[in-house]
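Below is one structure, written out as structure tokens, with a few remarks after it.
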């Protein structure tokens, strides 16, 4: 937003800004924040930074936890949800060192920017432009318990089919089970909410392509945004989730990007469209190629598919992620590519026909990912595919231009599948991570910490009894 502190100060004075809020990304992809009075923002803030305990962000051992963050003036925006006029900006993490502090290599923003820099250094391209699709649920109520003697959750939304028999105030129009795709009002009671959220995103410089109701009847919706660079779109992904969640709270609702909040309903993905450019020219188009894709695009696809199991550790980093990646819900379960095939993990949109729009999407990621790590990891896999000329056809990854859910058992055995659990994805990352550490983009220490951190999640998840287990086994 600003190029200098002087410019920022003039703006702050004109808008009566009284507080400055610094937004920080922790290891898992949550925003943390710290606030100072506006008059305390000085040139020294952008030189010496502000100290914080990095161990509480999941980054560093306690004995080396003192770090500083330096705010990025270009990321500044006026927070629309704060009662006191507040200017917010994202911060970059530095390690305290002498004579000067140095950039922390595990910082999510640093990893994303390093990946973009590495792409340029290879000479392959200048930029990877990506466009995420944000699927999420909007509920009227959510509660959950994980006590030793009481475990479960309850969600509700007025539009859900399960409320057709509500004897209280009920107007009758409900969204059908698995039947919400592009449904119109009065069933779609979230139309105005999405429009308000879309206008809010637009006001923050996040350009919206469109919004609509998704397949899931109980409040599943989607907002898709325009393309940008890797680090830019990681920032905008964090901003999008922040704005949508807070807009929902302001309206007495609650929004979640959890991949599978409801049994037997569609889950929430975060499909990522992508294409490479060099000197402003697209690199993924070839009129004579498969689905008009260039050899460069095919190698990029090959790299992603070759490393997809390891990528899942960053693109699908929750135990809940793998409850979405099951057959029957338009979520991918096999490793392959195809045109206009939503059962494939790599889908080439048939409607993108021009050189500037020719692209493909990866369909397995979801909103529990840290977008900086996830987008950077996808880019690194693609770079590895181009450098090593990984041909997805020669590797047996397709194209699979048929429904991958309807295969016979014999046919299914011939096609490799995505990891079925987070532990499987972490095992794959442990074995296959050299493509990430190329050029020093992903520090080995970060990968080790990530695996150890997520193993704790799987350990807790594996030890917790569920309501389904009581239903299946209590009487045995």
Order of 44, 384, 72 under a 10 Å beta carbon neighbour criterion, fewest first: 44, 72, 384
Fraction of the pair-distance distribution of the stretch 238-294 above 18 Å, Cα-Cα pairs, percent: 62
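Taking every pair of distinct Cα atoms and averaging 1/r, then inverting, what Kirkwood hydrodynamic radius in Å comes out for the stretch 193-346? Walk me through the numbers on the way to the answer.
Numbers: mean 1/r = 0.0572 Å⁻¹.
Taking the inverse mean of 1/r over all distinct Cα pairs, the stretch 193-346 comes out at 17.5 Å.
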Overall Cα dimensions of the stretch 334-476, principal axis frame, Å, largest first: 60, 42, 26
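Compute for the stretch 163-218: radius of gyration divided by Kirkwood radius, i.e. Rg/Rh, restricted to C-alpha atoms, rounded to two decimals.
Rg/Rh: 1.09.
Per residue, what volume in Å³ does the Cα convex hull of the stretch 156-256 take up?
97
How big is D, in µm² s⁻¹, for the stretch 428-476 by Stokes-Einstein at 37 °C and 0.692 mPa s if Rh is the Kirkwood radius over C-alpha pairs? Mind showing how you got there, number by number?
On the way: Rh = 13.4 Å.
Value of D from the Cα-based Kirkwood radius: 244 µm²/s.
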Near-label residues of the stretch 22-55 by backbone N, under 14 Å of a point 7 Å along Cα→Cβ of residue 445: 54-55
Distance in nm between pseudo-label sites at residue 100 and residue 464 (7 Å out along the Cβ direction from Cα): 4.6
Least to most buried among 171, 422 (fewest other Cβ within 10 Å first): 171, 422
Part-to-part distance (alpha-carbon centres) for the stretch 78-93 and the stretch 354-409, which is given in Å: 36
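Report the Stokes-Einstein translational diffusion coefficient (µm² s⁻¹, integer) for the chain, Rh taken as the Kirkwood radius over Cα pairs, at 20 °C with viscosity 1.002 mPa s.
On the way: Rh = 23.7 Å.
Here the translational diffusion coefficient equals 90 µm²/s.
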Per-residue Cβ neighbour rank within 10 angstrom, fewest leading, 249, 189: 249, 189
For the stretch 5-104: relative contact order, % (alpha-carbon pairs under 8 angstrom, 6 or more apart): 28
Distance from the stretch 306-328 to the stretch 196-237 (C-alpha centre basis), Å: 22
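Roughly what % of Cα-Cα distances in the stretch 5-104 sit above 22 Å, to the whole percent? Working shown, then result.
Values: 1534 of 4950 pairs.
Percent of Cα pairs beyond 22 Å in the stretch 5-104: 31.
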Dimensions (Å) - the stretch 376-443, Cα atoms, principal axes, largest first: 43, 29, 16
Hull volume in cubic angstrom per residue (convex hull over the Cα atoms of the stretch 30-174): 254
The chain, relative contact order [Cα under 8 Å, separation at least 6], %: 14
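Where a number appears in this text, it was derived from the coordinates with a stated rule and is not lab data. Bear in mind that the values here come from a model prediction, so they are computed numbers and not experimental data. Reconstructed Cβ throughout: ideal geometry from the backbone, glycine too, with neighbour counts over all protein chains shown.
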